[in-house]
Amino acid sequence: MEFIGIIPARYASTRFPGKPLVDIKGKSMIKRVFEQAKKALDTVYVATDDERIAEEVQRFGGNVVITSNDHQSGTDRLAEAIEKIQVQLNHSFDVVINIQGDEPFIQPEQIEEIKSCFKDPHTEIATLVKEIEKSDDIFDENKPKVILDKKMNAICFSRSPIPYLRNVEKSDWIKNHKYYRHIGMYAYKTETLMQLTKLEQTSLEKAESLEQLRWIENGYQIKVAETSFDSIGIDSPEDLEKIIKNN
(Lines give C-alpha, C1' and ligand atoms only; values in the text may rest on other atoms or scores of the structure.)
Protein backbone atom coordinates (compact mmCIF):
# COMPACT_ATOMS: atom_id res chain seq x y z
CA MET A 1 0.00 0.00 0.00
CA GLU A 2 1.43 3.36 -1.04
CA PHE A 3 1.00 6.45 1.15
CA ILE A 4 1.33 10.17 0.40
CA GLY A 5 1.36 12.97 2.97
CA ILE A 6 -0.26 16.27 2.03
CA ILE A 7 0.12 19.41 4.16
CA PRO A 8 -2.63 21.99 3.49
CA ALA A 9 -1.20 25.47 4.13
CA ARG A 10 -3.08 28.76 3.82
CA TYR A 11 -1.59 32.22 4.20
CA ALA A 12 -4.83 33.86 5.33
CA SER A 13 -5.66 33.41 9.01
CA THR A 14 -7.81 35.63 11.21
CA ARG A 15 -5.66 35.12 14.31
CA PHE A 16 -2.25 34.61 12.70
CA PRO A 17 -1.86 35.72 9.06
CA GLY A 18 1.10 34.15 7.28
CA LYS A 19 1.81 31.61 9.99
CA PRO A 20 3.20 28.90 7.64
CA LEU A 21 6.09 31.28 6.91
CA VAL A 22 6.82 32.33 10.49
CA ASP A 23 10.39 31.65 11.62
CA ILE A 24 10.90 29.05 14.35
CA LYS A 25 14.52 28.88 15.41
CA GLY A 26 15.86 29.50 11.92
CA LYS A 27 13.33 27.50 9.89
CA SER A 28 9.88 28.39 8.59
CA MET A 29 6.97 26.55 10.18
CA ILE A 30 6.07 24.86 6.89
CA LYS A 31 9.63 23.61 6.47
CA ARG A 32 9.59 22.07 9.94
CA VAL A 33 6.29 20.28 9.27
CA PHE A 34 7.59 19.04 5.90
CA GLU A 35 10.83 17.72 7.38
CA GLN A 36 9.02 15.87 10.18
CA ALA A 37 6.59 14.29 7.73
CA LYS A 38 9.43 13.13 5.47
CA LYS A 39 10.84 11.07 8.33
CA ALA A 40 7.82 8.75 8.01
CA LEU A 41 6.77 9.12 4.36
CA ASP A 42 8.58 8.83 1.04
CA THR A 43 6.25 11.30 -0.70
CA VAL A 44 5.12 14.58 0.89
CA TYR A 45 3.52 17.62 -0.75
CA VAL A 46 2.40 21.01 0.50
CA ALA A 47 -0.99 22.13 -0.89
CA THR A 48 -1.40 25.90 -0.84
CA ASP A 49 -3.38 28.69 -2.48
CA ASP A 50 -0.61 31.24 -1.93
CA GLU A 51 2.45 31.92 -4.09
CA ARG A 52 4.52 33.08 -1.09
CA ILE A 53 4.13 29.70 0.58
CA ALA A 54 4.78 27.91 -2.70
CA GLU A 55 8.02 29.89 -3.16
CA GLU A 56 9.19 28.99 0.35
CA VAL A 57 8.54 25.28 -0.23
CA GLN A 58 10.42 25.40 -3.53
CA ARG A 59 13.26 27.28 -1.83
CA PHE A 60 13.91 24.48 0.64
CA GLY A 61 13.47 21.79 -2.03
CA GLY A 62 10.03 20.53 -1.07
CA ASN A 63 7.12 19.47 -3.30
CA VAL A 64 4.20 21.88 -3.69
CA VAL A 65 0.90 21.99 -5.55
CA ILE A 66 -1.25 25.11 -6.00
CA THR A 67 -4.92 24.69 -5.09
CA SER A 68 -8.00 26.92 -5.28
CA ASN A 69 -8.65 29.53 -2.58
CA ASP A 70 -12.39 28.78 -2.65
CA HIS A 71 -12.39 25.56 -0.62
CA GLN A 72 -14.72 25.40 2.38
CA SER A 73 -12.68 22.72 4.16
CA GLY A 74 -9.24 21.19 4.32
CA THR A 75 -10.72 17.94 3.01
CA ASP A 76 -11.79 19.65 -0.23
CA ARG A 77 -8.30 21.16 -0.64
CA LEU A 78 -6.79 17.73 -0.04
CA ALA A 79 -8.98 16.15 -2.73
CA GLU A 80 -8.01 18.75 -5.33
CA ALA A 81 -4.35 18.35 -4.39
CA ILE A 82 -4.24 14.56 -4.76
CA GLU A 83 -6.01 14.74 -8.11
CA LYS A 84 -3.42 17.21 -9.43
CA ILE A 85 -0.46 15.33 -7.94
CA GLN A 86 -1.51 12.00 -9.44
CA VAL A 87 -1.88 13.61 -12.87
CA GLN A 88 1.50 15.39 -12.56
CA LEU A 89 3.31 12.23 -11.48
CA ASN A 90 1.23 9.85 -13.61
CA HIS A 91 1.12 7.71 -10.50
CA SER A 92 -1.63 6.66 -8.06
CA PHE A 93 -1.50 6.57 -4.26
CA ASP A 94 -3.63 4.25 -2.14
CA VAL A 95 -3.83 6.41 0.99
CA VAL A 96 -3.66 10.18 1.56
CA ILE A 97 -2.56 11.44 4.98
CA ASN A 98 -3.68 14.95 5.91
CA ILE A 99 -0.92 16.54 7.99
CA GLN A 100 -1.72 19.78 9.79
CA GLY A 101 0.41 22.67 8.56
CA ASP A 102 0.50 24.40 11.95
CA GLU A 103 2.08 21.53 13.94
CA PRO A 104 5.84 21.99 13.44
CA PHE A 105 6.70 19.44 16.13
CA ILE A 106 4.57 16.59 14.82
CA GLN A 107 6.19 13.26 15.60
CA PRO A 108 6.94 10.74 12.82
CA GLU A 109 5.66 8.03 15.17
CA GLN A 110 2.17 9.56 14.91
CA ILE A 111 2.27 9.15 11.14
CA GLU A 112 3.40 5.54 11.53
CA GLU A 113 0.54 4.92 13.96
CA ILE A 114 -2.08 6.21 11.54
CA LYS A 115 -0.51 4.21 8.71
CA SER A 116 -0.89 1.06 10.82
CA CYS A 117 -4.70 1.42 10.66
CA PHE A 118 -4.57 0.39 6.99
CA LYS A 119 -3.22 -3.07 7.82
CA ASP A 120 -6.95 -3.76 8.10
CA PRO A 121 -8.05 -3.85 4.43
CA HIS A 122 -11.52 -2.59 5.38
CA THR A 123 -10.21 0.73 6.73
CA GLU A 124 -11.51 3.70 4.73
CA ILE A 125 -10.67 6.57 7.08
CA ALA A 126 -8.27 6.66 10.04
CA THR A 127 -7.42 9.08 12.81
CA LEU A 128 -5.66 9.23 16.20
CA VAL A 129 -6.75 9.55 19.82
CA LYS A 130 -4.88 10.10 23.05
CA GLU A 131 -5.96 9.17 26.56
CA ILE A 132 -7.00 12.22 28.58
CA GLU A 133 -4.82 12.63 31.66
CA LYS A 134 -6.17 15.90 33.11
CA SER A 135 -9.73 16.16 34.37
CA ASP A 136 -10.18 19.69 32.98
CA ASP A 137 -9.60 18.40 29.43
CA ILE A 138 -12.77 16.30 29.65
CA PHE A 139 -14.80 19.49 29.92
CA ASP A 140 -12.78 21.62 27.46
CA GLU A 141 -14.93 22.23 24.37
CA ASN A 142 -11.80 22.93 22.30
CA LYS A 143 -10.62 19.33 22.87
CA PRO A 144 -13.13 17.02 21.17
CA LYS A 145 -13.72 13.70 22.85
CA VAL A 146 -14.14 10.32 21.14
CA ILE A 147 -15.88 7.11 22.14
CA LEU A 148 -14.79 3.85 20.52
CA ASP A 149 -16.19 0.41 19.85
CA LYS A 150 -14.38 -2.85 20.64
CA LYS A 151 -12.74 -2.87 17.18
CA MET A 152 -11.22 0.61 17.61
CA ASN A 153 -13.72 2.35 15.35
CA ALA A 154 -15.05 5.75 16.37
CA ILE A 155 -18.67 5.69 17.54
CA CYS A 156 -18.98 9.44 18.02
CA PHE A 157 -17.02 12.67 18.47
CA SER A 158 -18.22 15.54 20.65
CA ARG A 159 -17.03 18.75 22.23
CA SER A 160 -19.11 17.73 25.25
CA PRO A 161 -17.85 15.13 27.72
CA ILE A 162 -18.73 11.67 26.41
CA PRO A 163 -19.68 9.38 27.97
CA TYR A 164 -21.65 11.12 30.72
CA LEU A 165 -21.04 9.29 34.01
CA ARG A 166 -24.33 9.16 35.83
CA ASN A 167 -24.27 9.26 39.64
CA VAL A 168 -20.54 10.09 39.70
CA GLU A 169 -19.15 13.47 40.78
CA LYS A 170 -17.59 15.20 37.77
CA SER A 171 -14.32 15.60 39.62
CA ASP A 172 -14.16 11.78 39.80
CA TRP A 173 -15.01 11.03 36.16
CA ILE A 174 -11.39 10.63 35.10
CA LYS A 175 -10.88 8.02 37.86
CA ASN A 176 -13.87 5.98 36.73
CA HIS A 177 -13.55 5.89 32.96
CA LYS A 178 -10.86 6.06 30.28
CA TYR A 179 -11.56 9.18 28.22
CA TYR A 180 -10.02 9.86 24.82
CA ARG A 181 -9.23 13.15 23.12
CA HIS A 182 -9.17 13.43 19.35
CA ILE A 183 -5.80 14.13 17.73
CA GLY A 184 -6.71 15.76 14.43
CA MET A 185 -4.64 13.88 11.87
CA TYR A 186 -6.61 11.99 9.23
CA ALA A 187 -5.78 9.42 6.58
CA TYR A 188 -8.09 8.33 3.78
CA LYS A 189 -8.22 5.73 1.05
CA THR A 190 -7.95 7.94 -2.04
CA GLU A 191 -11.29 6.84 -3.49
CA THR A 192 -12.97 7.43 -0.11
CA LEU A 193 -11.57 10.97 0.05
CA MET A 194 -13.17 11.75 -3.30
CA GLN A 195 -16.52 10.41 -2.06
CA LEU A 196 -16.41 12.52 1.10
CA THR A 197 -16.13 15.77 -0.83
CA LYS A 198 -19.51 15.07 -2.44
CA LEU A 199 -21.37 14.82 0.88
CA GLU A 200 -23.65 17.62 2.06
CA GLN A 201 -23.21 19.08 5.54
CA THR A 202 -25.23 17.28 8.20
CA SER A 203 -27.06 18.44 11.30
CA LEU A 204 -24.56 16.87 13.72
CA GLU A 205 -21.62 18.43 11.90
CA LYS A 206 -23.25 21.87 12.03
CA ALA A 207 -24.14 21.48 15.70
CA GLU A 208 -20.63 20.51 16.85
CA SER A 209 -18.61 22.13 14.06
CA LEU A 210 -16.80 18.80 13.56
CA GLU A 211 -16.54 17.68 9.92
CA GLN A 212 -15.97 14.01 10.81
CA LEU A 213 -19.55 13.74 12.08
CA ARG A 214 -20.71 14.20 8.46
CA TRP A 215 -18.85 11.04 7.52
CA ILE A 216 -20.27 9.01 10.41
CA GLU A 217 -23.81 10.23 9.67
CA ASN A 218 -23.33 8.98 6.10
CA GLY A 219 -22.27 5.52 7.24
CA TYR A 220 -18.47 5.71 6.96
CA GLN A 221 -16.37 4.02 9.64
CA ILE A 222 -13.38 5.81 11.13
CA LYS A 223 -10.63 3.48 12.34
CA VAL A 224 -8.70 4.80 15.35
CA ALA A 225 -5.15 4.29 16.58
CA GLU A 226 -4.10 5.37 20.06
CA THR A 227 -1.03 7.57 20.38
CA SER A 228 0.99 8.69 23.38
CA PHE A 229 1.98 11.91 21.59
CA ASP A 230 0.03 15.12 21.92
CA SER A 231 -0.75 17.48 19.05
CA ILE A 232 0.84 20.90 19.42
CA GLY A 233 -0.92 23.31 17.08
CA ILE A 234 -0.14 27.00 16.68
CA ASP A 235 -3.21 29.21 16.31
CA SER A 236 -1.80 32.55 17.46
CA PRO A 237 1.47 34.42 18.04
CA GLU A 238 1.01 33.70 21.76
CA ASP A 239 0.91 29.95 21.04
CA LEU A 240 4.16 30.31 19.10
CA GLU A 241 5.89 32.09 21.98
CA LYS A 242 4.90 29.35 24.42
CA ILE A 243 6.03 26.56 22.10
CA ILE A 244 9.39 28.16 21.38
CA LYS A 245 10.00 28.45 25.14
CA ASN A 246 9.15 24.77 25.71
CA ASN A 247 10.95 23.21 22.72
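The residues of region 49-75 that are closer than 24 Å to Lys115 by Cα and without any contact (Cβ under 8 Å) to a residue 60 or more places away in the chain, listed by number, are Gly62, Asn63, Val64, Val65.
Out of (1) within 30 Å of Gln36 (Cα to Cα); (2) surrounded by 16 or more Cβ atoms within 10 Å (Cβ to Cβ), the odd one out for Ser209 is which? For Ser209, the exception is condition (2). Just checking, does region 35-43 include any residue being farther than 18 Å from Ile106 by Cβ, among the hydroxyl-bearing types (Ser, Thr, Tyr) and out of contact with any Pro (no Cβ under 6 Å at 6 or more places or on another chain)? No; the residues of region 35-43 include none that is farther than 18 Å from Ile106 by Cβ, among the hydroxyl-bearing types (Ser, Thr, Tyr) and out of contact with any Pro (no Cβ under 6 Å at 6 or more places or on another chain). Any residue that is hydrophobic (A, V, I, L, M, F, W, C), in contact with a Ser or Thr (Cβ under 9 Å, 6 or more places away or on another chain) and either under 30 Å from Pro20 (Cβ atoms) or surrounded by fewer than 17 Cβ atoms within 10 Å (Cβ to Cβ) (or both) - is there at least one of those in region 226-247? So far as region 226-247 goes, no, none of its residues is hydrophobic (A, V, I, L, M, F, W, C), in contact with a Ser or Thr (Cβ under 9 Å, 6 or more places away or on another chain) and either under 30 Å from Pro20 (Cβ atoms) or surrounded by fewer than 17 Cβ atoms within 10 Å (Cβ to Cβ) (or both).
Of all residues in region 126-149, exactly one satisfies the criterion of being under 15 Å from Gln212 (Cβ atoms), more than 15 Å from the chain's Cα centre (by Cα) and in contact (Cβ under 8 Å) with a residue 40 or more places away in the chain, namely Leu148. Screening region 2-110 for helices (runs of 4 or more DSSP H) wholly inside it with 2 or more residues that are open to solvent by 40 Å² or more (accessible area, probe 1.4 Å) and more than 19 Å from Ile234 (Cα to Cα) returns the ranges 51-59, 74-89.
The values are calculated or read from the model by the stated rules, or taken from the named source; none is laboratory data. Being a predicted model, the structure only gives us computed values, none of them experimental. Here Cβ is always computed from backbone atoms with ideal geometry, including for glycine, and neighbour counts include all displayed protein chains. When the accessible area is computed, the model is the full protein with side chains, heavy atoms only, and any ligands, DNA or RNA have been set aside. Shrake-Rupley method; radii C 1.70, N 1.55, O 1.52, S 1.80 Å.
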